[in-house]
Amino acid sequence: MRTRIFATAVVVAAILACGAGADAQVTTATVYGRVTDATGGVVPGANVTLTNETTAAAWTEVTSEEGEVTINFVPVGRYTLRVALEGFAEHVQDLELSAGQTVRLAISLAVGELTDAVNVTAATPLINRANAQLQDVVSDEQLVELPVGRRDWSQLLELDSSVVLDGEGAVMNGLPPSGLSLTIDGTNGSSDAEAPSIGAYQGFNTISGVSTEAIAEISVSSGIASAEFGGTMAGNVNIITRSGSNTFHGSLFENHQRDDLDAANPFVDQAPEKRFNQFGGSLGGPVVRNRLFFFGTYEGVRSDELALQRDNVPTPEWRAEALAANPVYESFFALFPDPTEPYDAGARTARFQALRPDSRDDDHVTARVDVTLSSANRFNVRYSGGRPARIDPRVIEANPRTFSGQQDSATMAFTHAATAWVFETRAGVNRSNIDRVDQLYTLGHPNVDVSGVDLSDGELFLKRGWLFSFDQVIATTRGRHSLKAGFGLVHQRAGRENFQVPGYEYSSIDDFYANIPNGGQFTFGLNDFRLTTSQLGGFVQDDIRLGSSLVVNAGLRYDYFTVPKERDGRLFNRDAPFGTGPLRSPDSLYAGDFNNVSPRVGVAWSIDAHSVLRGGVGLFVSPHPLFGGPVDVVLNAADEQFRVNTSRQDSLELGIRFPLANTDVEDLLQGPAQLWGTRSISPNFPNPYSTQWSAIFERQLGAQYSLEVGYTGSRGDNLNTVWEINRPDRLTGIRPYAGFAQFDWYDASNSSEYNGLQLSLRRRFANRLGFGASYTLSKSMSYGGGDLLLETQPQETFDLDAEWGPSDWDVRHRLVANFIYEVAPMGPSRLVRGLVGGWQVSGIFTARSGRPVDIIDDESAYGSSRPDYGGGDMVLSDWRDTLRYLNPAAFERVPLSGASGAQIRPGTLGWNAARGLAAYNLDLGLARNFHIGRYRLQVRADMFNALNTRNYGGLESEIDADDFGTLNSVSTRTMQVGARFSF
């Protein structure tokens with residue numbers, strides 16, 4: 001448990017005493033070495049030099065009285081390590097270092113002359129003998145050589161046994177995707193100004209963060225990370241960009257996809273037309289040899305294809321019946337196409353499918369400069385910028401959604417080495433702008449939701465924001481102690497403009513014909529605002545080397561996250577009870593949480609030269625994302641509601657009917673007559689945090705292989721729950737709080753649990769072969785969704801226990817394997833060797849069990865209403881023939897109340913009670929490499945879902961839909977051809 005005032009005081013005092021410690025993520029490596037002679041005695045006073053093979057930058061240290069040496073802040077790259085002392089032969093060893101990596105070397109010097117160099121063939125150790133951290137690296141070879149659709153580097157994160165991708169984010173060890181941090185060269189790289197993410201908001205971009213061509217490696221850190229890692233309760237994905245070197249190097253590439261190469265989709269007669277082109281290149285090299293280097297990339301995307309749109313639409317018979325009952329809906333029905341598939345007599349809705357234009361453009365650049373000012377001072381700066389755009393089609397042809405965005409980020413880092421200490425200064429800025437427009441908004445037509453059909457959203461939504469970060473870290477070695485301390489600052493700003501057409505919901509056909517909405521949503525607009533928040537933090541970390549076989553990691557971190565404020569004081573949050581009390585001061589949105597002390601302890605015990613046992617426990621704290629509450633309490637003024645949700649009783653009393661516009665009901669819901677409907681946040685809204693623990697056994701098998709067996713557990717606390725407050729009484733339709741509409745209320749009552757067995761076997765790429773395989777057996781549970789954003793509301797207000805169930809990302813079994821193999825030249829002649837050599841095959845195989853599915857009744861006026869479980873098998877045995885996967889007979893709908901439109905009681909079915917289908921996939925790449933000196937041309941073809949395995953998805957989980965339980969999408973084989981020239 002975390003203590004409060006006392007622990008906070010201790011940590012703040014420690015930080016001040018160190019003169020240094022918030023949101024730092026590690027971009028460099030640390031090398032520990034223990035130098036002994038042939039008898040095992042320690043060797044003090046030996047000169048240890050680490051030299052970068054591409055830039056000639058060098059780091060020099062001297063072993064201590066205990067024979068120990070530490071080299072901090074070593075950039076990613078390939079190095080030559082030399083250890084020299086009079087009377088001994090020089091030790092020479094090659095190392096390849098990754099971001100966040102801590103390498104512990106055992107170096108034995110042989111007696112001899114310095115001129116008698118002993119070259120050690122062993123490369124960087126394959127096992128971690130220095131700390132308890134879980135760390136994986138997506139290497140340069142994997143980024144370039146594995147089959148990756150549309151060069152999306154984020155797909156490779158699932159090679160790590162702890163990672164499950166989820167939308168625009170990633171889940172690490174069962175912890176919320178919004179608790180993850182993405183950094184580029186150590187500073188914030190999120191493409192969303194309001195919440196941590198890997199891709200842009202709602203995934204409309206093709207290039208995430210930086211182009212794959214600009215990436216040197218991706219470091220994935222989870223588990224018991226050093227106290228240097230802050231601002232994340234889940235883990236960190238850190239991208240290290242490429243840099244220049246003493247030789248010019250670069251590339252040109254083109255990737256192409258088209259429908260002629262793809263397998264047929266069983267839902268359409270022929271493969272939809274597709275033209276996808278991805279192109280670009282890079283160039284890097286010296287400006288001043290050994291001193292000044294540059295690197296730059298450009299990547300562009302042009303994509304035009306026809307995307308399958310498939311959904312329910314009204315039948316002509318129902319359309320005629322409804323218009324005869326009430327002609328007011330003529331404009332609503334006119335926007336729908338007719339069904340394209342057969343349907344039963346008397347059906348109100350039927351399936352429609354068609355191909356609609358889907359286009360994507362993206363342009364991205366990265367530029368980086370590295371400067372070696374002296375042997376003690378190094379500096380680098382990077383800029384990345386992207387301009388994505390997309391047109392997203394829908395079944396309603398008149399209502400496509402358009403996106404456009406701007407993403408810019410920059411990083412600066414400076415490292416200074418003195419005699420007894422080293423420090424690193426890092427600063428970054430990240431700016432993102434997103435415009436999203438539904439064409440229904442430009443039409444000005446209200447949306448209607450009835451009998452499982454609607455027009456989709458009609459919204460104008462603009463997001464703006466930027467983030468600035470500054471970190472200072474200092475490191476020193478004192479005997480057996482390798483000490484680090486640091487502090488940091490993050491300042492974040494976000495804004496929006498938001499307007500939307502009205503929405504009307506009808507829970508029964510009788511109410512629809514009578515035009516009595518059981519629910520209405522009216523949006524009166526939100527002008528541009530500026531929401532700001534900051535993070536302040538610091539840490540101390542001590543890695544203690546107790547002899548040759550034991551390392552203890554002890555770290556302590558403190559973070560404070562300021563309560564958000566708005567530039568013009570436009571925050572309107574109501575106090576207790578449950579957001580129905582008086583308005584709080586705009587300077588006190590909720591109570592600040594000072595209880596953010598994060599102790600971490602880890603142990604690494606080297607059983608022998610090839611085996612290590614690691615483990616530890618630690619606390620990790622995240623801030624509340626701005627998207628998870630604060631943006632929802634911004635208004636233009638106290639008497640100008642942004643959005644109001646009305647009930648059936650409001651419709652009857654106020655005469656609210658389709659097709660009234662927002663302006664038509666403004667006098668009924670705003671000003672003196674206002675019905676308060678703005679979301680609220682609990683005044684007690686502590687920061688989310690996780691407790692994580694692990695026990696891992698690693699063994700190096702020979703020179704190239706390593707095996708890892710580990711247990712990892714986590715618990716997330718203070719996660720978001722979003723309650724629906726002031727729901728109409730189920731039976732009477734009367735709301736408990738007069739003067740209030742139905743609204744959402746955020747609190748931090750949710751929690752999650754994760755337990756996982758993680759197995760990995762790896763072979764580093766050497767002698768033309770590299771592979772890795774990981775298997776995870778895990779269970780992830782939470783109350784509802786288990787994230788930090790606008791979560792799905794519980795079925796019954798304040799009955800949280802009924803929501804305990806599998807998390808949205810609970811994947812019980814997952815196996816991922818990857819390999820790269822290059823065929824060696826062989827044969828009796830030069831011609832034969834030339835024909836045989838140069839071929840390369842690579843692949844990624846993934847198998848996973850089905851994800852959870854939540855069964856809901858969308859016609860109920862209460863959100864997240866679930867049916868009863870009626871007994872029997874939930875899954876039909878003949879689903880492969882019928883494509884109806886869920887068994888309707890296993891579920892029973894709860895009757896709806898005529899007064900409220902809600903279920904008369906909660907359903908008995910639990911949260912995420914059903915399971916989707918398991919999935920199996922093999923991606924294969926076949927390439928031919930042509931080498932002429934240092935020039936290389938690769939021509940390749942990649943097949944995604946190479947075996948054309950039909951992994952069905954698009955499961956209809958709304959029990960009120962006519963096609964409940966059916967599967968409406970399927971993955972089929974697609975191909976990508978490309979060429980890459982590099983030197």
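The values are calculated or read from the model by the stated rules, or taken from the named source; none is laboratory data. All values reported here derive from a predicted model rather than from experimental measurement. Neighbour counts run over all protein chains shown; Cβ positions are idealised from the backbone, glycine included. For accessibility, only protein heavy atoms count, side chains too; no ligands or nucleic acids. Shrake-Rupley method; radii C 1.70, N 1.55, O 1.52, S 1.80 Å.
In this structure, G179 does not qualify as under 22 Å from G629 (Cβ atoms), in contact with a helix residue (DSSP H, G or I) (Cβ under 8 Å, 6 or more places away or on another chain) and not aromatic (F, W, Y).
Checked against (1) under 27 Å from the mean Cα position of the chain (by Cα); (2) surrounded by 18 or more Cβ atoms within 10 Å (Cβ to Cβ); (3) closer than 15 Å to T523 by Cα, P446 passes all but condition (1).
This table checks each residue for (1) surrounded by fewer than 19 Cβ atoms within 10 Å (Cβ to Cβ); (2) more than 17 Å from A263 (Cβ to Cβ).
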{"site": "L922", "(1), (2)": "no, no"}
{"site": "Q938", "(1), (2)": "no, yes"}
{"site": "N945", "(1), (2)": "no, no"}
{"site": "V977", "(1), (2)": "yes, no"}
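Within the stretch 793-810, the set of residues being open to solvent by 10 Å² or more (accessible area, probe 1.4 Å) and closer than 17 Å to L175 by Cα comprises W804, P806, D808, W809.
On the basis of being out of contact with any helix residue (DSSP H, G or I) (no Cβ under 9 Å at 6 or more places or on another chain), open to solvent by less than 20 Å² (accessible area, probe 1.4 Å) and under 30 Å from D338 (Cα atoms), does D438 make the cut? So D438 fits the description; yes. Total residues in the stretch 265-290 satisfying the condition of being under 28 Å from D370 (Cβ atoms), over 27 Å from the mean Cα position of the chain (by Cα) and part of a strand (DSSP E or B): the figure is 6. State whether one or more residues within the stretch 623-634 are at positive phi and crowded, with 24+ Cβ neighbours inside 10 Å. The answer is yes; a qualifying residue exists. In this structure, F293 qualifies as among the aromatic types (F, W, Y) and either not assigned by the TED database to the domain that holds F204 or not in a loop (DSSP other than H, G, I, E, B) (or both). Just one of the numbered conditions (1) open to solvent by less than 20 Å² (accessible area, probe 1.4 Å); (2) in contact with a helix residue (DSSP H, G or I) (Cβ under 6 Å, 6 or more places away or on another chain); (3) within 30 Å of D311 (Cβ to Cβ); (4) not in a loop (DSSP other than H, G, I, E, B) is not true of L460: (1).
Residues that are within 20 Å of S451 (Cα to Cα) and open to solvent by 40 Å² or more (accessible area, probe 1.4 Å) within the stretch 881-920 comprise R884, P888, A889, E892, R893, P895, L896, G898, I904, listed in sequence order. The residue that is farthest from G296 (Cα to Cα), counting only those in the stretch 184-216 that are in a strand (DSSP E or B) and open to solvent by 10 Å² or more (accessible area, probe 1.4 Å), is N188. Mind listing whichever residues of the stretch 73-94 are crowded, with 20+ Cβ neighbours inside 10 Å and of a type in the set (A, V, I, L, M)? Listed by number, the residues that qualify are V74, V76, L81, V83, L85.
Residues that are crowded, with 16+ Cβ neighbours inside 10 Å and in a loop (DSSP other than H, G, I, E, B) were ranked within the stretch 384-419; the one that is farthest from the chain's Cα centre (by Cα) is I396.
Is it true that S598 is within 30 Å of V42 (Cβ to Cβ), at pLDDT 95 or above and assigned to a strand (DSSP E or B)? In short, no. Looking at (1) farther than 26 Å from T28 by Cβ; (2) in the same structural domain as R814 (by the TED database); (3) touching a strand residue (DSSP E or B) at 6+ places or on another chain (Cβ under 6 Å), find the lone condition where E168 falls short. Exception for E168: condition (3).
Considering each residue of the stretch 69-84 in turn, none proves to be at pLDDT below 90 and either in a strand (DSSP E or B) or of a type outside the set (D, E, K, R) (or both).
Of all residues in the stretch 845-875, those satisfying the criterion of being hydrophobic (A, V, I, L, M, F, W, C) and either farther than 25 Å from K779 by Cα or touching a Pro at 6+ places or on another chain (Cβ under 9 Å) (or both) are I855, I856, A861. Scan the stretch 218-265 for residues that are surrounded by fewer than 24 Cβ atoms within 10 Å (Cβ to Cβ), in contact with a Leu (Cβ under 9 Å, 6 or more places away or on another chain) and hydroxyl-bearing (S, T, Y) and the total you get is 1. Cβ separations smaller than 6 Å between residues 6+ apart or across chains give the following pairs from the stretch 236-251 residues that are under 18 Å from T27 (Cβ atoms) to residues that are open to solvent by less than 20 Å² (accessible area, probe 1.4 Å) and among the charged types (D, E, K, R): I240/E217; T241/D185; T241/R382.
Among the residues of the stretch 541-568, the ones that are open to solvent by 20 Å² or more (accessible area, probe 1.4 Å) and within 15 Å of N72 (Cβ to Cβ) come to 2 in all.
The listed residues are F930, F964, F981, and the only one of them that is in a loop (DSSP other than H, G, I, E, B) and hydrophobic (A, V, I, L, M, F, W, C) turns out to be F964.
Taken as a whole, the condition of being over 23 Å from the mean Cα position of the chain (by Cα) and buried (at least 22 other Cβ atoms within 10 Å of the Cβ) does not apply to P736. Here F930 fulfils each of the conditions (1) among the aromatic types (F, W, Y); (2) surrounded by fewer than 16 Cβ atoms within 10 Å (Cβ to Cβ); (3) in contact with a Phe, Trp or Tyr (Cβ under 9 Å, 6 or more places away or on another chain) apart from (3).
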